[in-house]
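S.K.: After the structure tokens below, expect a handful of questions from me.
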Amino acid sequence: MNIAQINFAAVFAAALAAFILGAVWYSPLLFVNAWINESGVKIGEIKKAKMLMSMVFGFLLTLVMSFNLAAFLSAPDTTFVRGIIAGALAGIGWVAAGLGMIYLYEGKSLKLFFINAGYLVSALIVMGGILGAWR
């Protein structure tokens, strides 16, 4: 990894795109109702201050994910397609597999696994595409 090869504007843009994807993914447009039913989270009980902190730290963690993926994609010959493939492999092979192990031990539903893992895999694919294309 050569940190000089990392495009920090692309890292930020990729993180922002993944964060926006999360806002849509966990909205009434897609999976919020299924996620609420499966996770047991009580939306009405979440205080605004806690939600704001969760969103701030969630974005910071998304930035960490984006930077980490950018480090793996820092070679000068990286392309859009290579970025998408790397995002998919990281999402499926590391993130979804890791979540799957945890969900098995915690006894969480398969539906919740697919909602959460699906978002993370999709987010890494989006980030990988942006990072691969924006050299």
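S.K.: In terms of the Cα gyration tensor, with a ≥ b ≥ c the square roots of its eigenvalues, is the range 44-109 rounded because a/c is under 1.5, prolate because a/b exceeds b/c, or oblate?
M.R.: Numbers: a/c = 3.55, a/b = 1.45, b/c = 2.44.
Here the range 44-109 falls in the oblate category.
S.K.: Give me the percent relative contact order of the chain, please, defined on Cα pairs under 8 angstrom at least 6 residues apart. Before the final figure, lay out the partial values.
M.R.: Values: 157 pairs, mean separation 57.8, N = 135.
Once divided by the residue count of the chain, the mean separation gives 43 percent.
S.K.: Under DSSP H, which helices of the chain have Cα atoms covering 30 Å or more of the helix axis and a Kyte-Doolittle average no less than -0.5? Mind dumping the intermediate values first?
M.R.: Working: long enough: 48-72 (36 Å, 1.50); 110-133 (33 Å, 1.78).
Span-like helices here: 48-72, 110-133.
Any read-out appearing in this document is the output of simple, stated calculations on the displayed coordinates, not a laboratory observation. A quick note: this is a predicted structure, and the numbers were derived from the prediction, not measured.
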